[in-house]
Structure formats: structure tokens, C-alpha cells
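One structure is given below, encoded as C-alpha cells.
Any read-out appearing in this document is the output of simple, stated calculations on the displayed coordinates, not a laboratory observation. Just so you know, these numbers come straight off a predicted model, no measurement behind them. Neighbour counts run over all protein chains shown; Cβ positions are idealised from the backbone, glycine included.
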Amino acid sequence: MAVVEVDMKFCDKKTKITVTPRDDGEFDLHIATNCDSVRRYADRLGDRLSLIDITERSLSKVFNPFNCEPITLTCLTPAAIITAAWLESGMMSKSRSKIIDANCVKFIDAG
């Protein structure tokens with residue numbers, strides 16, 4: 001199981017994503033959030049991810065325009081879903097993730 005958290009400080013919302021492998025090669029997806037937009041996005045995604053969903057951007061339901069319609073373009077939830085799934089599938093190193101703690105977007109100069 002891989003668990004990641006999105007902390008969208010700009011809109012004061014948090015999302016916790018849990019990805020768990022299934023025996024059939026797919027992944028269970030659980031999204032807990034205090035954001036209504038992410039909740040609607042999660043409802044459209046459902047509770048399963050396929051290998052195609054986490055490896056083929058053009059075929060992925062994670063990035064499907066209809067599914068993404070409720071969230072803003074700046075929402076980090078889709079990237080966090082992929083990150084959790086890659087950690088769980090071995091495409092990203094879990095040990096390295098413990099060392100670096102987080103990937104983030106920093107506001108350096110907003111004008």
C-alpha cells in the first residue's frame with residue numbers, strides 16, 4: 001500500500017490518496033478529501049486503476065478531460081494519484097520517497 005497526501009495550501013484543501021495492489025494486476029484507489037471538487041473527480045474515477053491508467057497518459061482515466069472537469073488545472077491530485085500508483089508498482093522507489101519526504105511546487109516570485 002502506498003499513501004500520499006496533497007496539501008493545497010492556496011485553497012486550504014487536503015487530499016489523502018491510498019493505492020493498494022490487487023491480485024488481478026490492477027490497483028484499488030481510495031481518495032479522502034475535504035475538497036468538493038476533488039470528491040466529484042474521485043467519483044468519476046471510481047475505485048480502481050489499471051496499469052494503462054498509470055502508464056499511458058492519453059488512455060488514462062486519471063487525465064481524461066471529462067473526469068478532470070471538476071478540478072482546476074493547478075490541482076495536484078492527478079499527479080499524486082500517479083505517484084502513489086508508481087510507488088506501489090515499483091516504478092518509483094519507496095525507500096527514496098522516505099528520504100526526500102515530498103515533491104512540491106514553490107512560489108519563488110509571483111510578481
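Numbers at a glance
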| item | result |
| --- | --- |
| Calculated log10 I(q)/I(0) by the Debye sum over Cα atoms at q = 0.14, 0.21 Å⁻¹ (choose from (1) -0.71, -1.28; (2) -0.92, -1.18; (3) -0.56, -1.21), label | (3) |
| Cβ charges +1 (Lys, Arg) and -1 (Asp, Glu), total dipole of the chain, debye | 260 |
| FRET E, pair Thr20, Val105, Förster distance 22 Å, beta-carbon r, rounded to 0.05 | 0.25 |
| All lysines inside 18 Å of Lys16 as judged from Cα atoms, apart from same-chain residues fewer than 8 positions distant | Lys94, Lys98 |
| Spin-label model distance (nm) - Asp43 vs His30, 7 Å beyond Cα toward Cβ | 2.1 |
| Computed E for Leu59/Met92 - FRET, C-beta separation, R0 30 angstrom, nearest 0.05 | 0.90 |
| Restricting the range 1-89 to chymotrypsin sites (Phe, Trp or Tyr not before Pro) in coil, as DSSP defines it, with at most 13 other Cβ within 10 Å | Phe10 |
| Protection proxy ranking of 78-84, 96-102, 28-34 - average other beta-carbon atoms within 10 Å, highest first | 78-84, 28-34, 96-102 |
